[in-house]
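Engineer: Got a structure for you, written out below as structure tokens; questions coming shortly.
Here, each number is a calculation from the coordinates, and none is a lab measurement. Keep in mind that this is a model prediction, so the values were computed, not measured. Here the Cβ is made from the backbone with ideal geometry for all residues, glycine too, and neighbour counts use every protein chain on show.
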Amino acid sequence: MATNDDALLRVQDLHVEFKTRRGQALVLNGVDFEIRAGETLCVVGESGCGKSMTALALLRLIPSPPGRIREGRVLFQGEDLVQATDARMRQVRGNRISMIFQEPMTSLNPVFTVGDQIGESLQLHAGMNARQARERTIQMLRQVGIPAPERRVDDYPHQLSGGMRQRVMIAMALACRPDILIADEPTTALDVTVQAQIFDLLRELQREKGTAIMLITHDMGAVAEMADRVMVMYAGRVIEQGTTAQVLSEPGHPYTRGLIDCLPELGSSAAWDGDAREDLAEIAGVVPSIWELGTGCAFRERCPRAMARCAAEVPPMFAVEGEVAAGVPHGAACWLHAGAAGAIGAIGAIDAQGPRAKEAA
């Protein structure tokens with residue numbers, strides 16, 4: 001795997017806040033990570049943990065006002081997008097960095113055909129004329145599994161089903177073959193057969209162009225199938241990072257362990273032979289409101305292994321003891337790992353974890 005110097009996108013100490021009637025609400029608090037060319041980073045966590053807000057911040061799509069990036073850097077091939085002009089961001093969005101949004105009807109314009117909407121980006125960014133853009137649009141609609149694309153290209157969004165609108169969004173995001181694709185729950189409205197087709201299409205894009213994918217998902221099965229690395233978020237912070245094997249096999253944070261334990265296992269039910277069915281595990285409680293975080297670890301009220309220190313101090317990113325896979329250390333923001341020798345220094349050496357871990361050292 002590439003070294004940190006080869007990062008295509010590096011996010012450092014990102015803070016996003018919203019102005020509300022109750023004051024300034026900090027929704028992202030010191031987010032640090034990186035994405036390398038040709039790899040898939042899966043971002044997981046419950047609703048309200050900051051996954052989608054992170055994606056919107058990368059593309060400077062946070063509604064302003066009331067929201068704003070308070071501090072931090074988003075370095076795309078060395079260029080800080082936080083400082084980029086609006087004109088520069090229009091060149092980047094949909095071309096160099098594309099996003100598949102979770103709700104297609106909020107992103108598709110109801111008064112234009114889907115062909116016009118996909119073709120617009122091709123004419124703007126790829127320099128195609130109207131005929132070339134239409135041909136490429138039909139090709140993309142066919143690739144994402146839309147039947148009769150020659151006819152559907154002239155349909156309006158309201159004439160398509162929810163699943164087909166989602167596929168239109170995917171076609172639009174992939175049309176210009178971006179360097180980075182941000183996919184926010186891209187297969188939620190699709191059946192399992194089409195999901196497999198979309199994942200195959202994303203992998204083909206990676207092979208052809210070396211596209212990096214940031215996949216936001218609740219589906220741990222998709223994580224196991226698609227991810228090279230996993231980033232777990234909770235209450236606006238990154239609380240665990242590592243390779244897929246590290247995070248899924250030996251989770252370092254109790255929250256990550258809870259997410260994995262909540263998954264049903266095939267063949268685990270004993271109902272067929274008359275025995276009592278085993279209850280599915282759950283994480284007690286809910287993600288706290290940003291007004292209820294207080295001091296210390298945000299997960300402490302739900303954590304079965306919480307201790308006094310968890311309520312007093314926010315844990316930095318520690319190295320999780322174990323094998324370092326392909327030069328990628330496994331880190332978790334949990335006081336359970338504070339006793340490991342050289343823990344903070346080891347994980348603090350990773351640029352992806354940013355300055356907060358180093359300051360804590």
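Engineer: Under the 0.36 nm per residue contour assumption, what length would be gained going from the current alpha-carbon distance of ARG207 and MET307 to full extension? Could you put the intermediate results ahead of the total?
Structural biologist: Numbers: separation 100, 0.36 × 100 = 36.00 nm, distance 4.62 nm.
Contour length minus the Cα-Cα distance gives 31.4 nm.
Engineer: Still on this structure: Can you give me the C-alpha center-to-center distance between the range 100-172 and the range 60-83, rounded to a whole angstrom?
Structural biologist: One Cα centre to the other: 28 Å.
Engineer: Suppose every Lys and Arg Cβ carries +1 and every Asp and Glu Cβ carries -1, with no other charges. What dipole size does the chain come out with about its Cα centre, to the nearest 20 debye? List each step's numbers first, then the result.
Structural biologist: Working: 36 positive and 45 negative charges, 274 e Å.
That gives the chain a dipole magnitude of about 1320 debye.
Engineer: Within 10 Å, count the other beta carbons around each residue, average over each peptide in 313-320, 174-181, and list them highest first.
Structural biologist: Details: 313-320: 23.2, 174-181: 21.4.
Final packing ranking: 313-320, 174-181.
Engineer: Determine the shape class of the range 71-152: with a ≥ b ≥ c the square roots of the Cα gyration tensor eigenvalues, call it rounded for a/c under 1.5, and otherwise prolate if a/b is greater than b/c, oblate otherwise.
Structural biologist: Details: a/c = 2.44, a/b = 1.90, b/c = 1.29.
Because a/c hits 1.5 or more and a/b exceeds b/c, the range 71-152 counts as prolate.
Engineer: Return the loop-located chymotrypsin sites (Phe, Trp or Tyr not before Pro) in the range 1-98 (DSSP other than H, G, I, E, B) with at most 13 other Cβ atoms within 10 Å of their own Cβ; answer none if there are none.
Structural biologist: Numbers: sites: PHE18, PHE33, PHE76; in loops: none.
Here no loop site has a sparse enough neighbourhood.
Engineer: Another question about this same structure. In what sequence, highest mean first, do 242-254, 295-307 appear when ranked by Cβ atoms within 10 angstrom? Show your work: numbers first, answer last.
Structural biologist: Numbers: 242-254: 20.9, 295-307: 17.9.
Sorting 242-254, 295-307 by mean packing, highest first, produces 242-254, 295-307.
Engineer: How would LEU124, LEU141 line up from fewest to most surrounding beta-carbon atoms within 10 angstrom? Walk me through the intermediate numbers first.
Structural biologist: On the way: LEU124 15, LEU141 28.
Result, fewest neighbours first: LEU124, LEU141.
Engineer: Sort MET105, MET140 by Cβ crowding within 10 Å, fewest neighbours at the top.
Structural biologist: Numbers: MET105 14, MET140 24.
Lowest to highest Cβ neighbour count: MET105, MET140.
Engineer: Using the count of nearby Cβ atoms within 10 Å as a rough guide to exposure, how do SER121, SER64 rank from fewest to most?
Structural biologist: Numbers: SER121 20, SER64 11.
If I rank by nearby Cβ atoms, fewest first, I get SER64, SER121.
Engineer: Report the antiparallel proportion of the DSSP beta bridges in the range 1-158 as a percent, rounded to a multiple of 5.
Structural biologist: 95 percent
Engineer: Okay, moving on. For helix 162-174, report the angle its Cα long axis makes with the longest principal axis of the Cα atoms of the chain; keep it between 0 and 90° and round to the nearest 10°.
Structural biologist: 90 degrees
Engineer: By how many nm would the segment from LEU26 to VAL111 lengthen if fully extended, with 0.36 nm per residue of separation less the alpha-carbon distance?
Structural biologist: Numbers: separation 85, 0.36 × 85 = 30.60 nm, distance 3.61 nm.
Between LEU26 and VAL111, full extension yields 27.0 nm more.
Engineer: Full-extension gain between ALA87 and HIS218, please, as 0.36 nm times their residue separation minus the C-alpha to C-alpha distance. Kindly include the intermediate steps, with their values, before the conclusion.
Structural biologist: Working: separation 131, 0.36 × 131 = 47.16 nm, distance 3.39 nm.
Stretched out fully, the ALA87 to HIS218 stretch lengthens by 43.8 nm.
Engineer: Which of HIS125, SER161, MET140 sits closest to the plus end of the dipole of the range 102-177, meaning its Cα is farthest towards the positive end, when Lys and Arg get +1 and Asp and Glu get -1 on the C-beta?
Structural biologist: Positive-most Cα among the choices belongs to MET140.
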